[in-house]
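Encoded as structure tokens, the structure appears first; notes follow it.
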Amino acid sequence: MSQQTPDAPAGSVLPPVGSGKRVRVHHLAAAKAAGERLTMLTAYDAPTARLFDEAGIDLLLVGDSIGDNMLAHENTLPVTLEEMLPPARAVARSAKRAMVVVDLPFGSYEGGAQQAYSAAVRVMKETGAHAVKFEGGARVAEQVRVITDAGIPVVGHLGFTPQSENILGGKRVQGRGDDAAERLCEDAVALQEAGVAAVVLEMVPAPVAARVTEILTVPTIGIGAGPSCDGQVLVWLDMAGMGDWSPRFAKQFGQVGAALRQAAQAYAAEVRTGAFPAPEQSYQQ
Ligand code: KIV
């Protein structure tokens, strides 16, 4: 049975959970205008997508963070477009209300507008998702323009961009200092002018994220970017306490990893003693 939560504030501009209506691009702009914060979580499969959708999460991101969080890679770089499609399909099939955003992985869009357009069209045609996201500022503005001109909403991603971790010198806060902050603002404006529907800001000093949020008319969605963003996103495993480690900017809102480990141990113990399966879990002749 689905569990509903006190999802949206009274008078929300976003569709209520269970209304049969989906969060769409115009709702993002309306939420920013109304000062209503957007919620986003990653999802990589059907069960989590269904749970988060029922919980009233507004946007589900099929992130290329599937690489380090689900596929046991060290980072997001090895993830291919081919690998993004099945999880994106599962999430899109499972989310009834949330807008589903799919990351274009490293190597699928940086080569130019035509490459990016082909990747975005594959995502839209083959998954049923509602938008794509990719990393970079002015350097990918042409890609944003071509894809949005084709009718595909794009979410931008600035600040720490994991696909560029080798050139950025590792997982580091971006936009520190006046020059870097200025460049970040310019990149954000370039993305907005190219047509993005929202911009993710990752690991950016809170005052810089606040400035970008003020400058832009499209919403900012922060991850390690302080409280002034128009919304927040987290990798669900960090949010739910699934792993042994989570970044400083994340908060654990549950201990799902411990609960799952405990369930597996209880199951194993009952199998070993013969307590499971009991008569009620067995078929009689
Ligand atoms: O892939 C991902 O999970 C992301 C978030 C960190 C925003 O891009």
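Any residue at all in the stretch 1-16 that's buried (at least 23 other Cβ atoms within 10 Å of the Cβ), without any contact (Cβ under 8 Å) to a residue 60 or more places away in the chain and within 14 Å of the ligand (Cβ to nearest atom)?
No, the stretch 1-16 has no match at all.
On the basis of being closer than 24 Å to HIS26 by Cα and of a type in the set (D, E, K, R), does ARG211 make the cut?
When the stated conditions are applied, ARG211 passes them.
Let me spell it out: the conditions are (1) part of a loop (DSSP other than H, G, I, E, B); (2) in the same structural domain as LYS171 (by TED's automatic domain parsing); (3) of a type in the set (Gly, Ala, Ser), and ALA10 meets all of them except one. Which number is the exception?
It is condition (2) that ALA10 fails.
Can you tell me which residue within the stretch 68-93, out of those that are closer than 19 Å to LEU234 by Cβ and among the polar types (S, T, N, Q), is farthest from the chain's Cα centre (by Cα)?
My answer is ASN75.
Considering the stretch 49-76 alone, what residues qualify as being among the hydroxyl-bearing types (Ser, Thr, Tyr) and touching a helix residue (DSSP H, G or I) at 6+ places or on another chain (Cβ under 6 Å)?
Correct list: THR76 only.
The values are calculated or read from the model by the stated rules, or taken from the named source; none is laboratory data. No experiment lies behind these values; they were computed from the predicted model shown. Every residue, glycine as well, gets a Cβ built from its backbone with ideal geometry; the counts of neighbours run over all protein chains shown.
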